[in-house]
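Chemist: There's a structure below that I have some questions on.
The values are calculated or read from the model by the stated rules, or taken from the named source; none is laboratory data. Remember, it's a predicted structure, so these values are computed and weren't measured experimentally. All Cβ positions, glycine included, derive from the backbone under ideal geometry; neighbour counts span all protein chains shown. Remember, those area values only see protein heavy atoms, side chains included, never the ligands or the DNA or RNA. Shrake-Rupley method; radii C 1.70, N 1.55, O 1.52, S 1.80 Å.
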Amino acid sequence: MVAPVGVLALQGDFEAHGRMLDALGVPFFFVRKAPELDRAGALIVPGGESTTMWKLLRQENLVEPLAAFGRRRPIFGTCAGAILLATSVTHPDQEGLGLMDIAVERNAYGRQVDSRVVTVWPEPEFEDRTEPGELEAVFIRAPIIRSVGHEVTVLARYNGDPVLVEQGQHMAATFHPELTDDPRVHRLFLARLAVSTA
Ligand code: GLN
């Protein structure tokens with residue numbers, strides 16, 4: 001049996017991820033305490049406000065358990081979630097879980113363009129494993145991934161910058177696939193579930 005997906009629900013748009021998982025018929029539950037991680041086959045860290053989320057992670061003693069979870073099981077971070085997974089966080093500097101070798105600059109598109117929806121053409125590495133075709137990317141006070149380590153694969157770019165990346169079992173998006181009706185990004189992540197719990 002495949003273990004359910006945990007969705008970190010301390011802050012942010014965790015309910016939107018829940019709706020996407022519901023639409024895909026994937027069992028999931030919201031994670032608020034460290035012991036709940038034991039039941040999860042994979043974890044989604046939603047968008048929201050990464051400074052607030054980091055504070056709450058500390059408060060709930062979840063930082064170490066999350067890092068340990070990430071050494072065993074897949075994690076998908078969207079926007080603030082991507083920031084939490086990173087090895088380097090700037091603007092302002094912030095700690096990260098260091099699970100993905102990416103350097104992110106927060107709120108990097110500037111105030112004038114806080115939020116926008118753009119069309120992104122995925123890289124062949126994405127299209128080969130899902131159905132091909134453009135992705136609608138919803139950016140909300142998004143970070144920019146300024147550099148990636150050599151173990152990171154870029155699955156989609158916008159303006160030349162990586163916006164969807166994977167490293168081993170983990171994935172990160174600087175946009176919000178959970179706010180569209182397109183399930184391909186989640187499906188790509190969920191394919192790891194069967195593999196990692198087999
Ligand atoms: N700007 C937020 C941060 O720095 C991320 C925004 C989001 O998750 N939509 O944490």
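Chemist: Hey, what's the chain come to in accessible area per residue, 1.4 Å probe, Å²?
Modeler: Using a 1.4 Å probe on heavy atoms only, each residue of the chain averages 45 Å².
Chemist: Here's something else I'd like to know. Using only the alpha carbons of segment 87-168, what is the convex hull's orientation-averaged projected area in square nanometres?
Modeler: 5.6
Chemist: Pop the C-beta distance of S88 and F30 into the FRET formula with R0 = 22 Å and round what comes out to the nearest 0.05.
Modeler: 0.15
Chemist: Further question: Ignoring ligands, DNA and RNA, what percent of the accessible area of the chain is carbon or sulfur (1.4 Å)?
Modeler: About 50 percent, which is the carbon plus sulfur part of the accessible surface.
Chemist: Tell me what the chain gives for mean residue ellipticity at 222 nm when only DSSP H runs of n ≥ 4 count, each as -39,500 (n - 2.57), the sum divided by the residue total, rounded to 500 deg cm²/dmol.
Modeler: When only DSSP H runs of four or more count, the value is -7500 deg cm²/dmol.
Chemist: Can you compute the modelled spin-label distance between A3 and S147, with each label point 7 Å from Cα toward Cβ, in nm?
Modeler: Calculated label separation equals 3.4 nm.
Chemist: Using a Förster distance of 35 angstrom, determine the FRET efficiency expected from the C-beta separation of E64 and A23, and round it to 0.05.
Modeler: Working: r = 33 Å, r/R0 = 0.94.
Efficiency, from the Cβ-Cβ distance: 0.60.
Chemist: Once you list every other residue whose beta carbon is under 12 Å from the beta carbon of W121, what net charge do they have if Lys and Arg are +1 and Asp and Glu are -1?
Modeler: Overall, the nearby charge balance is -3.
Chemist: Round to the nearest 0.05 the FRET efficiency obtained for R71 and D181 when R0 = 45 Å and r is the Cβ-Cβ distance.
Modeler: The computed FRET efficiency comes out at 0.85.
Chemist: If you count the DSSP beta bridges with both ends in the chain, what percent of them are antiparallel, to the nearest 5?
Modeler: 55
Chemist: Count charges around L179 for me, please; just the other residues with Cβ under 15 Å from its Cβ, Lys/Arg as +1, Asp/Glu as -1. Before the final figure, lay out each step's value.
Modeler: Details: positive: R19, R116, R141, R184; negative: D13, E15, D22, D114, E136, E178, D181, D182.
Charge balance in the 15 Å sphere: -4.
Chemist: Let me ask something else. Which value, in nm² and rounded to one decimal, describes the direction-averaged projected area of the C-alpha convex hull of the chain?
Modeler: Result: a mean projected hull area of 9.9 nm².
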